[in-house]
Structure formats: C-alpha cells, structure tokens
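Since the structure comes first, as structure tokens, the remarks are kept for the end.
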Amino acid sequence: MLQFLYCVYAFILFVIIMLLVFPFVMLSLLFGKITGGNLIYQLCMIWAKIWYFLIGISHKEIYEFPHDPTKQYIFVANHISYMDIPPLVLIAHQPIRILGKYEMVKIPVFGWIYRAAVVLVDRKNAETRSKSVRALKSALRHGISIFIFPEGTFNVTPTPLKDFFDGAFRIAIETETPIKPVLLVDTLERLHYDSIFSLTPGKSRVVFLDEIPVKGLTMKDIPLLKEKVYGIMDAGLRRYRNYPTA
C-alpha cells in the first residue's frame, strides 16, 4: 500500500509541475527552434530537479574522465527504464537534443512538451527515420549536441546492453563528431520497465566516460566503432552493477 501511495504521490507531483511548466514551454517556442529549444531544456531541467527533490531521488554525476561542455558530442547511453529521461535532462549542461520515440507524443500535455523538446523518430517508418537523421545533423550544424539510445528500445535481457543500431555511429562518422558514452546506473531500480507502480526513491547516478574520436573513420569502420563503444560501456556498467556471469 505504501508503495502504491508513493507512486500516486509522485505521479500527481509530476503532473502538477508539468502543468506549471507548460505555459513557459509554449512561450519558448516563440523564440524559434534553436533558442526556444534550448530554453525548453532549461525548463525541463528545473522540472526534473523539483520533482526529484520532492520524491526523494538523488541525482549524482560521476566523471571518470574530464568533460568539456563547450564541445559538441553525440551522447550515447544504455536504455533500461522510463526513468532514463529525467537524468538525461539533468546532464544537459550544454545545448542538446534527444532522439525520442514518436509514440510518446500521444500523452496529453506531456506530448506537447515532448514534441517541442526531442527529435521524433518512428522506427517503423522509413520516411520519419530519414527526417529524424536530417534533424539531428541540423542540430549538430547549429552547435547543438545530440543524444541517442543506440539500443533503440529497452534492454530487458540479463546482460548490460543489447546490440547497437548503426545510426549514432553513422552520424558521428559523417559529421566527424566525437561520441560521448554515459551510463545510467540506477534507473532500473528507480522504475522497473514492468510496472509504473515500481517507482522508488533513492540514488540516480550518471557516469561520464571518455569521449571517443571518430575523425578519419569511414563507413567501413562502423562495425569496429560500434564494437569499441559497446565494449567500453559494457565494462563500465559492470563496474557499477552486478550482472549474471556467462
């Protein structure tokens, strides 16, 4: 019963803060895609900080290597929970755009904010996939970093990561933008993908790994680049979480 009440409490707070932020998000759109989009991420960061504080979740950033927020990156992270989104907003210390699933726009009110903040993709539709790639490249041309989940969907396996799609690595090579892996360590404990009523308070750590340069690579190098990033992220997750041994 306490678990259920906590989840209801957290959900109500989420909606209340969302409704307070919503008018400011709509006003931000008047400033255009670039400035307006950057403002929306700042508003979402405030939303996430207030919500985390009120529901007892502690956000922590761990830098295994120095991070330069003045540089452009293609951020990649593991994907295991709906609670992966708030920490991504909280680590947006530089202009950033997140590649997100189209299905989320169907949620009332939240869908409007989501549509304004992310680059939408419907993986089942080739036309929207191409459009999202063009939007991501446009963001990079305007000095904005991008964020992609290379696994595409939730990892429901007992291993640290699922297989990666090519997209993030292809864009990195085409635009010569370094890849910056980050690890979402605790989001599965905060909210399991099986149930929205599994939300719990506690820590939420985000680990910054070393950037991976791609300058000089060609499309033929995509498999090796994917393998390299996968190996670094797999090893990193095993340093912070326990997984069944093979």
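The values are calculated or read from the model by the stated rules, or taken from the named source; none is laboratory data. Everything numeric here is computed off the predicted structure, so don't read it as measured data. Cβ placement follows ideal geometry from the backbone for every residue including glycine, while neighbour counts extend to all protein chains displayed. Just so you know, the surface numbers come from the protein's heavy atoms only, side chains and all, with ligands and any DNA or RNA stripped out. Shrake-Rupley method; radii C 1.70, N 1.55, O 1.52, S 1.80 Å.
For the chain, the membrane-span-like helices by this rule, meaning whole DSSP H stretches whose C-alpha atoms cover at least 24 Å of axis and whose Kyte-Doolittle mean is 1.0 or above, are 2-28; this says nothing about an actual membrane.
Here the gap between K49 and S130, fully extended at 0.36 nm per residue and compared with their Cα-Cα distance, gives a gain of 25.8 nm. If a paramagnetic tag sat 7 Å from the Cα of D210 along the Cα-Cβ line, which residues of the range 216-233 would have the backbone N under 16 Å from that point? 228-233, by backbone N distance to the label point. Restricting the trypsin sites (Lys or Arg not before Pro) of the range 89-161 to loop positions (DSSP other than H, G, I, E, B) with no more than 12 neighbouring Cβ atoms within 10 Å leaves K124. Suppose the Debye formula is applied to equal point scatterers at every Cα of the range 136-200; what is log10 I(q)/I(0) at q = 0.12, 0.14, 0.17, 0.23 Å⁻¹? Results for the range 136-200 at q = 0.12, 0.14, 0.17, 0.23 Å⁻¹ read -0.43, -0.56, -0.74, -1.02.
Looking at the range 158-224, the trypsin sites (Lys or Arg not before Pro) that sit in a DSSP loop and have at most 16 other Cβ atoms within 10 Å of their own Cβ are K215.
Entry for the range 165-236 at q = 0.18, 0.22 Å⁻¹: log10 I(q)/I(0) = -0.75, -0.91, Debye formula applied to identical alpha-carbon scatterers, no solvent contribution. Checking the cross-link pairs K71/K124; K137/K215; K49/K137; K106/K226 against a 21 Å limit on the alpha carbon distance flags K71/K124; K49/K137; K106/K226 as lying beyond it. Projecting the Cα atoms of I34, L188, F4 onto the charge dipole of the chain, computed from C-beta unit charges around the Cα centre, puts I34 farthest toward the positive end. The charge dipole of the range 25-110, taken about its Cα centre with unit charges on the Cβ atoms of Lys, Arg (+1), Asp and Glu (-1) only, comes to about 240 debye. Ordered from largest to smallest accessible area (heavy atoms of protein chains, 1.4 Å probe), the residues H67, H142 come out as H142, H67.
Basic side chains Lys and Arg get +1 at the Cβ, acidic Asp and Glu get -1 at the Cβ, and with that the dipole of the chain about its Cα centre reaches some 420 debye. Across the range 34-147, the fraction of Cα-Cα pairs farther apart than 16 Å, rounded to a whole number, is 64%. Can you tell me how the range 89-233 classifies by the Cα gyration tensor, rounded, prolate or oblate, using a/c under 1.5 as the rounded cut? It comes out oblate by the Cα gyration axes.
Where the alpha-carbon atoms of the range 34-101 are placed on the principal axes, they occupy 33, 32, 24 Å, in descending order.
For the chain, the mean projected area of the C-alpha convex hull, equal to one quarter of the hull surface, is 13.6 nm².
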